[in-house]
1. Label Glu1034 and Asp393 with points 7 Å out from Cα along Cα→Cβ: what is the distance between them in nm?
2. Please label the shape of region 470-628 as rounded, prolate or oblate, based on the square roots a ≥ b ≥ c of the eigenvalues of the alpha-carbon gyration tensor (a/c under 1.5 means rounded; beyond that, a/b larger than b/c means prolate, else oblate).
3. Can you give me the distance in nm between label points at Arg526 and Glu641, each placed 7 Å from the Cα along the Cα-to-Cβ direction?
4. Roughly speaking, what is the stretch gain from Arg962 to Arg306, that is 0.36 nm per residue apart minus the C-alpha to C-alpha distance, in nm to one decimal?
5. Note the full-extension length gain between Glu158 and Glu618 as 0.36 nm times their separation in residues minus their Cα-Cα distance, in nm to one decimal.
6. Taking only C-alpha pairs under 8 Å that are 6+ residues apart, what is the relative contact order of the chain in percent?
7. Grab the other residues whose beta carbon is less than 12 angstrom from that of Met519, score K and R as +1, D and E as -1, and report the net.
8. Need the C-alpha centroid separation for region 144-206 versus region 989-1048, integer Å.
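Each reported figure results from applying straightforward, stated rules to the coordinates on display, with no laboratory input. Fair warning: this is a prediction, and the values are worked out from it, not measured in the lab. For neighbour counting, all protein chains shown are included, and Cβ atoms are generated from backbone atoms with ideal geometry for every residue, glycine included.
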Amino acid sequence: MKTVFDSCEPRPEVLTGELKEEIFAARLRDVIEGKADPVYQDPALFFENTYPTEGLRVLLNEALGRLTGIKPANNAIIRLETAFGGGKTHNLIALYHAARGHTPDLRFVDGGLIPTPGTVRVVGVVGSDLGQEGLLHNDGVTTYTLWGELAYQLGGPEGYALAAQGDRDRSAPGTGLLERLVGEEPTLIMLDEVARHLRVAKTLPTPTGRSTLAEQTVAFLMSLLEFAASRERVVVVLTLSDPSDAFGQESEDLRQELAEARRVTARQERVITPTGETEIPAIVTHRLFRQIDREAAREVADMYTRFYRRLVEQGVNLPQRALRAEYAKEMATDYPFHPELLNTLTRKTATIPSFQKTRGALRLLAATIRRLWETRPADTYLIHPYHIDLEVDRILDDLTSRLDRPAFKQVVEADIVSPKVGAPAHAQVFDQEWSAAGKPPYTRRVATTVFLHSLTQGVASGVDPADLLLGVLAPGDDPALVHKAAERLYDKGWFFEWDGRRYRFKTEPSLNKIVADEMGMVGRTRAKAELDRRTRQIWKSGVFKVVPFPQEASDVDDDAGPPKLCILHYDAATATPADPAPPELARKIADYAGTQQAYRRFRNNVLFLVADADRVDEMVKTAQRYLAIARITGDTERTAEFTDEQQKKLKKMGEAEELNLRVVITRAYRHLYFPRADAPQKHSNLIHEILPAQDQGEVKQDQTAVVLRMLRQHQKALTGDDPTLAAAYVRSKAWDVNQKSMTTEELRQAFARRLGLPMLLDLNQLKKTVLNGIRSGVWIYYDATIGLGYDAESPPPAVRIDSDAHLYLPEEAARLDLPIKGKVKTDVIVGPEPTCPICGRPRSRCICAEEIEEPTPREPLRGEGVPQQALEQLLDRCHDRGVTHLASLRITVQGDDRTGAKDMRTLGLVVPQMGKGEFRIEQSYNAEFAGMPLFGLPGNPVSAMVVFFLYGRPMLFKMLGRTDEPYRRVRAVAEDFFKGAGKKTAFRRALLRYDPEAPGGHRAASVDSQSSGVLRSMAFGNALVVVPPHTHVEVGEVVEVIPFGEVG
């Protein structure tokens, strides 16, 4: 495959550097005066170096057709519109040469339209030449205005004399002057950069002070256009810049102010864009190269297309356009330039006004070609964006100082290429390793490409990863190394930025660079301390008892309590996916227990999480980065130096890094080891599983849930949501051969010892299995505390898991002649008086003053004795009467010393046996310590507050020896209805306010709710209305009220 050096021949002036800066800045006036560079002054040379754009061909056809009279219907007024550098002046020069009789080849214009030399008068005025001081000519005449300069060019000193007065007074003439100067002669009038002249003219008033030169100039232009439209062989061509250019506003103002002239000449005007966007590549290649092998261009385009297609098939993220036939055609057309280079220059860099579009591209690419042909890098099949060598001062100046981007010089010197010997830029440092391995300088290529995309400002700044690959990769390149280069720049570069969508260079140091520097101040010791702290927070005890960072077997309890989840420290043990063997520390803890290194008894009750060996460094670096950001944001003096935007970004970075630290920890601790009977003994019967990636990302939840999910997938965890284990299965796994009985506590411990059983995470599951064994006849349940056993025909017992509850094989129970429930007579003991469901006191002594709706009398089911005995009696009653559900259960326990508290604790263990459901539990507790009375309160909050206010407060007053009343009573008019409580005195919450005109001096209104469970009634109310027994309080009645405090 040919390189560009084999298939292309640059023009000699490009290679020698003679394509000087001033050559790119064509000036119409210099051509008219005969003193321009030969490339513009010599018609033949000019057209040889000019590409025949569509706009140029239209211009020549329109203007010459009317000037020669061959096409009299052509437009008299032609307006060229494009940005600076877009070819307006170049087209005027082409028209100048053709109008004076030079015949270019047929690609430009039909030779029959070329006028005979000398038959057309050609004049041109450049707006920038008409400054405040005027334009001095060789014969001493000075012109100040458009009409003065046109008069001078059309008629010499004599012609100027006709316009001299108006020129000096800045007073626009009418069409009469033009009729005398032009008459009926074929005349071409070209006006270049009029908008620039108008900017100066706005500041120049006329002698009368009632107008400006700008206003007079517009008036003259209207006359000129009107005159041209009235003559058959007069053409006026004027140029206007794009609104985005430096004088775009003046151009726009001129468009508006010439609206009337356009109305008059609408049929005589033609607007032409000299250079179309699709023509720029052809213009550039035509101007810079003498010869291009088009067959080689097609071959190279085919080679690149095949390469791109192969990358996409491999999963590389390239833009879809790279595979289209249109893009292959574009590569062949743009050859030897890569389309991404020309597109970047003409669509992004060209938006900078001082770049000057096509002119700027020519200037920059000429220097690039010269440098390429000097260095001739290998395998250059296309000229990519990265071939713009920023090491060349002229190229660097073109892209920085010339574009008003001087700050980008420091970006280049720091991150791309440095002119300082011994102080290479970051890209140069990163590429040293690749260069030594014979690989291309990917980092510099990436940096240069991103730099070109960064010069433009706003939303277009930067390049996304897919477009970056397209601009950097050449056949044979490795896309992974391009990504690696970008990552290196992002990690270490001083000005390189990645916002999640685009890479770009910025002129201020990136926050990543500042943070990276700060990371050097955070040692690994401190970072690991933070890792340890965060790790302890991620896995929390609950279903498992989490044991963070055990160092010895004695650090992990050997019992049958909750399973022990051991988080091994990453410095003590690591694992890899390829090695199923558990770390030595995990085996040691799984096999031994205690300080004496005895064998671990409950081996089925311990499991391990181990960090991945390849992810430990990532954890440490992430912790360093998190702490570095915290150091910066925690220093108020330092953060004050950042902009508001940077401060916000730092805050977001800190928040993101805090979450990221949790993510990397969970991703590192992905190796789970748990006991299983079929695991190799050499691995201490520990099986190795890797937590799936999707689980690692669920970082907001307690990560023990991820472990539990994995255990359930392997049927190694028994939770409340799992099916009940059959008793026969459990007996086969948990009982020894020929074993005839065991306690339920021993059965529970068997789950923690036997590797063939799942880890027991819900005690109710064991109780269900016990009940299953009773129903299926696998065993007899015997409660030693009450001396009764239960078989399949007995009412189901309230199963306890302790050493007093036994499981016997049926034949063993028969041998021991155990008493079986339902087959022996039991006594029922009548319980105590029913209590109030609100305050918890016996109903005969209820003090809550709430009405209790009496249910239909039914004989209560009662049991009495120790908690287990009382509940058993209650279950017997339910069984005998066919009761399957209880509407309410009232339990009263009494005892001296520790007995009462122990019974309360036992009650707490019984409640979970009620199973799943919705319950309302109310509890009151009365106690007395060493003769000191304690006041018992009802369970509902309002009842408790009212009772304490009415009874507790007086008791405290008496104990304190106070003789004043604990509360006072006042009279008030009721503004609302207050309901009574039957035979009891009711105390209703009220809002009491002072009113001297009301009887008793107060008024009382009800709060929004009188329910004893609505606490806000005590917050909004400030008094209690006393409603005597057997009465209600009507509106307007005077009642007794007890205020909570002073009433205003």
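1. 11.0
2. Cα axes put region 470-628 in the prolate bin.
3. Distance between label points: 1.7 nm.
4. 226.0 nm
5. Here the answer is 156.9 nm.
6. Here the relative contact order equals 6 percent.
7. +3
8. 99
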